[in-house]
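The values are calculated or read from the model by the stated rules, or taken from the named source; none is laboratory data. The shown structure was predicted, so the numbers you read here are calculated from the model rather than taken from an experiment. When we count neighbours, we look across all protein chains shown, and the Cβ atoms used for this are built from the backbone with ideal geometry, even at glycine.
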Amino acid sequence: MVEAIKEAEIKEVKILEKPWVEKYRPKVLDDIVGQDHIVRRLKHYARTGTMPHLLFAGPPGVGKTTAALCLARELFGEHWGHNFLELNASDERGINVIREKVKEFARTKPIGAASFKIIFLDEADALTQDAQQALRRTMEMFSNNVRFILSCNYSSKIIEPIQSRCAMFRFRPLKDEDVAKRLRYIAEQERLELTEEGLQALLYVAEGDLRRAINVLQAAAALDIVITDENVFTVASRARPEDVREMMILALEGNFLKARDKLREILLKQGLSGEDVIIQMHKEVFNLPISEPKKVALADKIGEYNFRLVEGANEMIQLEALLAQFTLLGK
Amino acid sequence: MLPWTEKYRPKRLSEIVNQKQALIKIENWIKQWSHGMPKKKALLLAGPPGSGKTSTVYALANEYKFEVIELNASDERTFEKIRRYLDAAYTLDVFGRRRKLIFLDEVDNMEPSGAYEIAKLIGKARNPIIMSANKYWKVPMDIRNKVEIVEYKRLTQRDIESALWRIVKAEGLFAPKEIIKEIAKRANGDLRAAINDLQSAVVSIEDAKQILVYRDSERSIFQALGMIFGSDNVKRAKMALMNVDNTPDEVLLWIEENIPYMYSTPEEIAKAYDAISRADIYLGRATTTGNYGLWKYAIDMMTGGVAVAGTKKRGFLKFYPPKTLRMLKDTKEERGIRDSIIRKIMKQMHMSKLEAIETMQIFKSIFENNLDAAAHIAVFLDLGDKELEFLAGKEKAPTIKGKMLAIHRKLRKEGIEIKAEVEEVPKIEEEEMVEEELKEKEKGEEEIEEAEEEVKEKEKAKEEKVEEKEKKPKQATLFDFIKK
């Protein structure tokens with residue numbers, strides 16, 4: 001079956017070049033890098049044709065989605081697309097929409113020899129506690145012909161009753177050597193010249209996220225077949241805009257109005273949510289050119305306003321109020 | 001020069017625009033005063049501004065020979081005046097002079113203590129009393145129990161247009177149709193505002209558009225801002241929102257916008273922002289719990305809290321409308337396109353939203369630098385023209401588009417369907433239904449047949465579209481397509 005899966009893709013690839021993240025996404029469990037302990041257990045499910053609900057936890061870009069897709073392919077063969085439903089908890093406008101989709105999907109029996117279908121719910125930790133309770137009931141209701149794979153960054157954000165109903169899989173952050181191996185393989189396939197500096201730059205910006213590494217590699221390759229550190233950083237700086245850092249520095253320097261304009265641009269034009277911005281602020285605050293005690297004081301403020309943002313009605317107002325605190329502390 | 005609102009105020013009830021129901025009630029009531037007293041001695045005319053309440057009172061007095069004593073209910077001395085007039089009215093009546101009709105304006109703005117006294121006076125009154133209010137539910141209960149409520153409806157744009165045209169004719173003026181239409185539209189049911197606008201508009205047509213920019217609702221919010229940022233007194237600042245129609249979350253945006261312009265030190269700005277942050281939390285809790293009683297604390301924070309945050313600027317204060325509202329409007333299309341690209345990346349490349357945003361940023365760099373690679377990605381994601389332009393810019397988009405068509409042609413030759421183009425349709429004949437109920441089953445199959453047909457049509461339409469585009473790659477618009 002594994003061979004058939006690989007061959008089916010070849011014909012299409014010749015004409016349509018997929019984005020590399022998709023093109024080089026492993027098609028079978030054995031090709032997944034750096035997660036051997038997980039691959040072994042998943043292959044057992046594929047062989048026996050049974051599995052419990054699964055919970056995948058781990059940082060982004062380490063293979064959670066890929067593992068789910070590969071497992072479905074190996075379990076269901078050519079029918080995998082019909083027996084596999086991918087949902088995103090943060091995008092489905094509430095638990096009721098998810099429930100409806102689950103119900104609709106579970107209404108029909110699986111195709112082929114399989115005795116169940118799989119629902120992959122990405123970003124399950126984006127659901128509120130109440131929504132997770134509702135999800136738990138949904139999982140139980142359809143447990144005779146649907147298995148869930150829940151994916152999240154932090155397993156601690158998943159409520160206890162769901163954790164206890166799932167087999168837990170902790171994905172490790174990828175080691176630089178794993179990422180490097182994959183990047184070298186792709187560079188070879190694409191006839192690129194991957195310089196050592198270029199590779200180190202890719203590892204630096206990727207921070208263990210293989211998806212980001214491959215994305216940046218493709219964009220650098222669009223500039224030149226020689227992958228230099230310079231091109232890598234040029235591309236990567238676009239991917240992670242410096243705007244949030246700039247905004248914080250403007251506020252600290254006492255330029256509140258300009259910082260406020262920047263914030264509005266980030267929220268409205270770039271499409272980040274208030275929570276995304278606050279997470280980035282927290283990441284960046286320790287890299288700011290300020291005294292150590294101030295970093296701690298600001299981190300505390302960020303925490304306070306993260307809390308207010310969840311409680312409040314308008315995230316822009318809360319973030320602007322946080323910027324005003326920056327201006328006050330920056331004085 | 002007499003304001004037109006006075007010059008053209010109706011002399012007779014029949015000239016009042018489109019309030020027949022209300023007028024019948026009122027005439028019946030006033031006729032009862034000719035032979036004694038009606039059960040309710042006071043009327044409450046309730047309705048939006050400029051719907052004809054005041055005009056009714058004067059036309060009524062004119063037709064039925066009353067003298068109108070107009071008093072403002074929010075004036076503190078009103079109670080004393082009413083009592084004096086009520087006493088006097090009775091005595092004067094004996095001498096055969098015209099009877100007095102007491103007209104009390106804006107009773108929805110009255111202090112509750114005054115309301116109680118006035119309610120008592122109504123009981124003793126021997127003269128007709130008419131009150132008016134915009135929102136009858138804001139009128140104190142003591143008064144509401146003593147009056148008969150007559151509702152005035154909001155005038156339609158057409159009502160206002162025809163009223164304006166009558167004035168234009170009477171003045172012997174020329175006015176372009178669009179201006180009249182626009183004035184009537186912006187008036188939002190307020191004939192008085194419309195007539196005022198008309199009078200200023202005909203002074204100079206160029207000024208007309210300028211004058212129309214801020215109509216009533218915004219005017220009152222500027223006044224409210226003046227009270228909040230101009231006062232150290234919490235009670236006074238809290239009064240600021242009494243005449244404002246906007247919801248608290250809208251008002252909050254107006255206050256927020258102006259904080260950094262009104263306060264200058266970081267301490268003051270942070271303090272004022274902390275207050276509106278607290279206000280926003282109360283608003284959030286009110287929404288999630290459904291307990292709108294929390295709004296009053298939000299209002300305390302956004303008015304009083306902001307007012308005491310720092311020293312006041314002196315002199316003329318200039319306020320700005322919230323930039324965010326305009327930004328939201330201006331960026332609406334762009335955000336729509338961007339979100340649609342993000343959704344396509346999420347779906348086709350199995351990503352969460354944050355990952356998809358990052359990927360889109362990286363793709364932008366590819367779309368600007370390598371048009372071949374861009375074309376492949378665009379076909380893979382099934383990007384539309386606008387989405388392509390968003391990523392590649394106007395200049396490069398047509399070239400990429402051409403390359404996309406070539407890829408599509410090759411794919412069709414090989415008989416390969418692109419996943420993104422055809423929505424997956426479950427093959428129903430291979431599936432056994434889990435639910436045995438026959439009805440359910442029939443319904444399900446019908447739906448799926450419909451869905452299949454829809455997909456076929458879509459495919460057909462797409463092919464036609466592509467052919468059309470191949471002939472003239474740049475100009476194939478939806479319009480061409482429809483004509484065909």
Residue match in region A:18-26 (condition: modelled with pLDDT of 90 or more, away from chain B (no Cβ under 14 Å) and surrounded by 13 or more Cβ atoms within 10 Å (Cβ to Cβ)): no
Residue selected from region B:343-361 under the condition out of contact with any Leu (no Cβ under 7 Å at 6 or more places or on another chain) and more than 7 Å from chain A (Cβ to nearest Cβ), by the criterion farthest from residue A:126 (Cα to Cα): B:360
Residue in region B:373-383 that is more than 10 Å from chain A (Cβ to nearest Cβ), in contact (Cβ under 8 Å) with a residue 12 or more places away in the chain, under 24 Å from residue A:225 (Cβ atoms) and surrounded by 18 or more Cβ atoms within 10 Å (Cβ to Cβ) present: yes
Qualifying position, being within 25 Å of residue A:206 (Cα to Cα), surrounded by 19 or more Cβ atoms within 10 Å (Cβ to Cβ) and away from every other protein chain (no Cβ under 13 Å), among A:155, A:151: A:155
Qualifying positions in region B:362-371 - facing chain A (nearest Cβ under 7 Å), surrounded by fewer than 21 Cβ atoms within 10 Å (Cβ to Cβ) and within 15 Å of residue B:387 (Cα to Cα): B:364
Answer from A:283, A:258, A:301, A:294 - the residue that is part of a helix (DSSP H, G or I), touching a residue at least 24 places away in the same chain (Cβ under 8 Å) and over 26 Å from residue B:298 (Cα atoms): A:294
All positions within region B:41-69 that are farther than 28 Å from residue B:164 by Cα, at pLDDT below 90 and either outside the structural domain of residue B:10 (by TED's automatic domain parsing) or out of contact with any Lys or Arg (no Cβ under 7 Å at 6 or more places or on another chain) (or both): B:41
Test: residue A:86 is part of a strand (DSSP E or B), facing another protein chain (nearest Cβ under 9 Å), out of contact with any Cys (no Cβ under 9 Å at 6 or more places or on another chain) and modelled with pLDDT of 90 or more: yes
Those residues of region A:63-120 which are in contact (Cβ under 8 Å) with a residue 60 or more places away in the chain and in contact with a Ser or Thr (Cβ under 6 Å, 6 or more places away or on another chain), in sequence order: A:64
Residue match in region B:288-304 (condition: within 12 Å of chain A (Cβ to nearest Cβ), free of Cβ contacts under 8 Å to residues at least 12 places away in the same chain and in contact with a helix residue (DSSP H, G or I) (Cβ under 6 Å, 6 or more places away or on another chain)): no
Single residue of A:235, A:244 found to be more than 10 Å from every other protein chain (Cβ to nearest Cβ), of a type in the set (A, V, I, L, M), assigned to a helix (DSSP H, G or I) and touching a helix residue (DSSP H, G or I) at 6+ places or on another chain (Cβ under 7 Å): A:244
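So that you can scan it fast, the table gives a plain yes or no per residue for (1) assigned by TED's automatic domain parsing to the domain that holds residue A:57; (2) under 16 Å from residue A:63 (Cα atoms); (3) modelled with pLDDT of 90 or more; (4) under 18 Å from the mean Cα position of the chain (by Cα):
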site	(1), (2), (3), (4)
A:149	yes, yes, yes, yes
A:153	yes, yes, no, yes
A:157	yes, no, no, yes
A:162	yes, no, yes, no
A:183	no, yes, yes, no
A:192	no, no, yes, no
A:196	no, no, yes, no
A:200	no, no, yes, no
For residue A:269: the one exception among (1) facing chain B (nearest Cβ under 7 Å); (2) touching a helix residue (DSSP H, G or I) at 6+ places or on another chain (Cβ under 6 Å); (3) not polar (S, T, N, Q): (2)
Tally of residues being in contact (Cβ under 8 Å) with a residue 24 or more places away in the chain and either surrounded by fewer than 14 Cβ atoms within 10 Å (Cβ to Cβ) or outside the structural domain of residue B:53 (by TED's automatic domain parsing) (or both) across region B:6-20: 2
Residue among A:261, A:276 that alone is more than 23 Å from residue B:257 (Cβ to Cβ) and of a type in the set (Asp, Glu): A:276
Residues of region A:287-307 satisfying the condition of being out of contact with any Leu (no Cβ under 7 Å at 6 or more places or on another chain) and within 20 Å of residue B:268 (Cβ to Cβ): A:304
Unmet requirement for residue B:127, which otherwise passes all of (1) assigned to a loop (DSSP other than H, G, I, E, B); (2) modelled with pLDDT of 85 or more: (2)
Meets criteria (within 11 Å of chain B (Cβ to nearest Cβ) and not β-branched (Val, Ile, Thr)) for residue A:110: yes
Subset of region B:390-401 that is surrounded by fewer than 21 Cβ atoms within 10 Å (Cβ to Cβ) and without any contact (Cβ under 8 Å) to a residue 40 or more places away in the chain - its residue that is nearest to the other protein chains (Cβ to nearest Cβ): B:396
The lone exception for residue A:215 - which of (1) more than 14 Å from every other protein chain (Cβ to nearest Cβ); (2) closer than 19 Å to residue A:22 by Cβ; (3) in contact (Cβ under 8 Å) with a residue 24 or more places away in the chain it fails: (1)
Subset of region B:267-285 (residues that are more than 7 Å from chain A (Cβ to nearest Cβ) and either of a type in the set (Val, Ile, Thr) or within 16 Å of residue A:311 (Cα to Cα) (or both)): B:275, B:278, B:279, B:282
Residues being more than 7 Å from chain B (Cβ to nearest Cβ) and either in contact with a Phe, Trp or Tyr (Cβ under 9 Å, 6 or more places away or on another chain) or modelled with pLDDT of 95 or more (or both) - total across region A:306-331: 4
Filter pass, residue B:387 being facing another protein chain (nearest Cβ under 9 Å) and either assigned to a helix (DSSP H, G or I) or at pLDDT below 90 (or both): no
From A:74, A:78, residue being within 16 Å of residue A:42 (Cβ to Cβ) and touching a helix residue (DSSP H, G or I) at 6+ places or on another chain (Cβ under 8 Å): A:74
